[in-house]
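The values are calculated or read from the model by the stated rules, or taken from the named source; none is laboratory data. What you are looking at is a predicted structure, and each value in this text was computed from that prediction instead of being measured. With ideal geometry, Cβ positions are generated from the backbone for all residues, glycine too; neighbour counts draw on all protein chains shown.
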Amino acid sequence: MTGGAVNDNMPNNLDDNPRMLAARIVDAVRRTIGGAESLVLLHEPYLPPKTSSYVQECIDTGWVSSAGAYVTKFEKQLAEITGCARAVAVVNGTAALQLCFQLAGVQRDDEVVCPSLSFVATANAISHCGAIPHFVDVDPSRLTLCPDAISKRLTDIARLENGRLINRETGRRIAAVSPMHCLGHPADIHGLLDVCNRFELPLVEDAAESLGSYYAGKHTGTFGLISAVSFNGNKILTTGGGGAILTNDESLADKAKHLSTTAKVAHPWEFYHDEVAYNFRLPNINAALGCAQLEVLSETIEAKRRIADAYEDSFRTIEDVDFIREPSGTTSNYWLNGFILKPEHASVRDEILHALNAAKYQSRPLWQPIHTFPMYQHCPRGPLVHTDSLCARLINIPSSSQLSTRLGNR
Ligand SMILES: *Cc1c(COP(=O)(O)O)cnc(C)c1O
């Protein structure tokens with residue numbers, strides 16, 4: 001993350017005035033994406049021209065539901081694009097993540113190490129397995145789960161007992177580590193894999209936000225045992241609602257498909273099911289939307305990266321904020337652009353949000369940390385200093401790929 005040169009010793013009178021800072025930020029956004037007559041949304045879907053004919057085909061042939069050629073085609077394309085052996089399409093990212101945990105062996109009353117700095121679905125998916133999130137802090141330079149913080153936390157509170165990692169404070173088994181690639185920026189995967197190996201834990205990636213993001217040249221969501229992607233309406237690619245499980249393990253992929261289709265054993269007419277399972281399969285008409293967007297995904301990501309470059313340029317002169325850049329060694333999809341206020345300006349965050357939204361640039365803070373919600377406030381956790389601090393200082397600004405046509409002569 002870079003924010004231009006900052007000289008901490010020099011008082012910056014201009015930025016001592018919160019209204020002035022808000023005005024400069026609005027101006028930076030305006031210089032980047034132009035004036036806003038009507039509301040510029042934070043993130044709009046991009047539905048390429050082919051979409052209508054694909055969806056029309058589903059309607060014309062009657063194949064609108066949970067069987068049909070587009071589901072298979074979508075899965076094949078996803079596997080190809082991510083370089084993963086298999087993709088299994090399901091109804092949403094939360095369902096995908098729930099199945100990931102189940103397939104990684106997470107059981108009732110287990111704990112799963114995850115960030116509190118995430119969308120609530122990360123913790124919900126763990127809860128849907130009857131397990132408990134165990135929150136660990138993020139690395140402030142990349143907004144994602146910090147390997148050193150996990151290592152310290154596990155060394156402090158856990159012990160290995162016959163190959164099971166037990167939390168000495170709760171008596172529960174710690175069953176997995178689940179990083180989230182925040183706003184599309186890849187986590188420190190090598191550091192995380194190293195911690196996972198040392199503590200004998202599977203890595204389950206919440207790659208909901210990181211379709212098209214790479215770590216060391218390899219697609220996110222392909223490093224751990226299994227991972228989940230989301231195609232919700234505000235994500236970089238949307239199927240209306242949808243998600244997918246990615247894995248290089250063929251037998252896990254087969255199990256994921258079985259569990260997402262009511263565990264029905266294939267037969268021309270018999271309805272025989274061999275375990276308690278889910279109706280999580282992605283409908284064909286949704287997959288058709290996804291196929292059209294996957295065909296242009298690389299163009300979409302190029303557009304988003306151009307928008308990020310342009311924002312960075314405009315924000316360079318504002319010393320009181322750090323525009324969020326991809327960590328070195330990674331290529332981010334820049335799903336949502338954003339900036340982080342210096343700690344001393346945290347108190348003016350809401351004033352800046354008011355100013356941006358009043359100027360018709362839809363802008364939002366990051367999620368509130370999950371450990372502050374009533375259902376998750378009693379969960380085990382390490383210190384969450386960076387999580388709390390970042391949530392109070394980060395603002396996301398309009399990032400739709402269509403905005404690349406408004407960048408003008410920069
Ligand atoms: C969007 C999202 C999900 C869940 O995806 P849905 O498709 O909305 O269920 C999970 N985790 C994170 C971090 C997300 O941003």
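Kindly provide the set of residues from the stretch 262-299 that are among the hydrophobic types (A, V, I, L, M, F, W, C) and loosely packed, with under 10 Cβ neighbours inside 10 Å, ordered by number.
Within the stretch 262-299, Ala266, Trp269, Phe271, Val276 meet the criteria.
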If we scan the stretch 187-196, do we find a residue that is within 11 Å of the ligand (Cβ to nearest atom) and either part of a helix (DSSP H, G or I) or not hydroxyl-bearing (Ser, Thr, Tyr) (or both)?
no
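Based on this model, can you work out whether Phe101 counts as crowded, with 23+ Cβ neighbours inside 10 Å, more than 16 Å from Ala207 (Cβ to Cβ) and modelled with pLDDT of 95 or more? Spell out how you get there, then give the answer.
Values: crowded, with 23+ Cβ neighbours inside 10 Å: yes; more than 16 Å from Ala207 (Cβ to Cβ): no; modelled with pLDDT of 95 or more: yes.
So Phe101 does not fit the description; no.
Do we have Ile157 as of a type in the set (A, V, I, L, M), away from the ligand (no atom under 16 Å from the Cβ) and more than 21 Å from Glu80 (Cβ to Cβ) here? Outline the logic, then answer.
On the way: of a type in the set (A, V, I, L, M): yes; away from the ligand (no atom under 16 Å from the Cβ): yes; more than 21 Å from Glu80 (Cβ to Cβ): yes.
When the stated conditions are applied, Ile157 passes them.
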Of (1) modelled with pLDDT of 95 or more; (2) part of a loop (DSSP other than H, G, I, E, B); (3) not hydroxyl-bearing (Ser, Thr, Tyr), Glu319 fails just (1)
Does the stretch 50-67 contain any residue that is within 16 Å of the ligand (Cβ to nearest atom) and in a loop (DSSP other than H, G, I, E, B)?
no
Selection over the stretch 80-120 where residues are of a type outside the set (S, T, N, Q), more than 11 Å from Ser178 (Cβ to Cβ) and within 16 Å of the ligand (Cβ to nearest atom) yields a count of 12
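Return yes when Gly163 is without any contact (Cβ under 8 Å) to a residue 24 or more places away in the chain and out of contact with any strand residue (DSSP E or B) (no Cβ under 6 Å at 6 or more places or on another chain) and no when it is not.
Working: without any contact (Cβ under 8 Å) to a residue 24 or more places away in the chain: no; out of contact with any strand residue (DSSP E or B) (no Cβ under 6 Å at 6 or more places or on another chain): yes.
No, not satisfied.
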Filter pass, Ala308 being touching a strand residue (DSSP E or B) at 6+ places or on another chain (Cβ under 6 Å) and either in contact (Cβ under 8 Å) with a residue 24 or more places away in the chain or surrounded by 15 or more Cβ atoms within 10 Å (Cβ to Cβ) (or both)
yes
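Taking only the stretch 166-183 into account, find how many residues are more than 16 Å from the ligand (Cβ to nearest atom), of a type outside the set (A, V, I, L, M, F, W, C) and in contact (Cβ under 8 Å) with a residue 12 or more places away in the chain. Write out each step before concluding.
Step one: of the stretch 166-183, the residues more than 16 Å from the ligand (Cβ to nearest atom) are 166-175.
From the residues that got through so far, the ones that are of a type outside the set (A, V, I, L, M, F, W, C) too are 167-173.
From the residues that got through so far, the ones that are in contact (Cβ under 8 Å) with a residue 12 or more places away in the chain too are 167, 169-170, 172-173.
So the count comes out to 5.
One line per residue, one yes/no per condition, for (1) modelled with pLDDT of 95 or more; (2) surrounded by fewer than 17 Cβ atoms within 10 Å (Cβ to Cβ); (3) in a loop (DSSP other than H, G, I, E, B):
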{"residue": "Ser328", "(1), (2), (3)": "yes, yes, yes"}
{"residue": "Trp335", "(1), (2), (3)": "yes, no, yes"}
{"residue": "Phe339", "(1), (2), (3)": "yes, no, no"}
{"residue": "His345", "(1), (2), (3)": "no, no, no"}
{"residue": "Ala355", "(1), (2), (3)": "yes, no, no"}
{"residue": "Pro383", "(1), (2), (3)": "yes, yes, yes"}
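Mind listing whichever residues of the stretch 359-377 are in a loop (DSSP other than H, G, I, E, B) and of a type in the set (D, E, K, R)?
Narrowing the stretch 359-377 to residues in a loop (DSSP other than H, G, I, E, B): 359-360, 362-363, 366-369, 373, 377.
Within the stretch 359-377, just Lys360 meets the criteria.
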When the stretch 222-264 is checked residue by residue, the ones that are among the hydroxyl-bearing types (Ser, Thr, Tyr) and away from the ligand (no atom under 15 Å from the Cβ) are Thr222, Thr247, Ser251, Thr261, Thr262
Could you check, for the stretch 19-39, whether at least one of its residues is modelled with pLDDT of 95 or more, within 23 Å of Cys182 (Cα to Cα) and among the acidic types (Asp, Glu)?
no
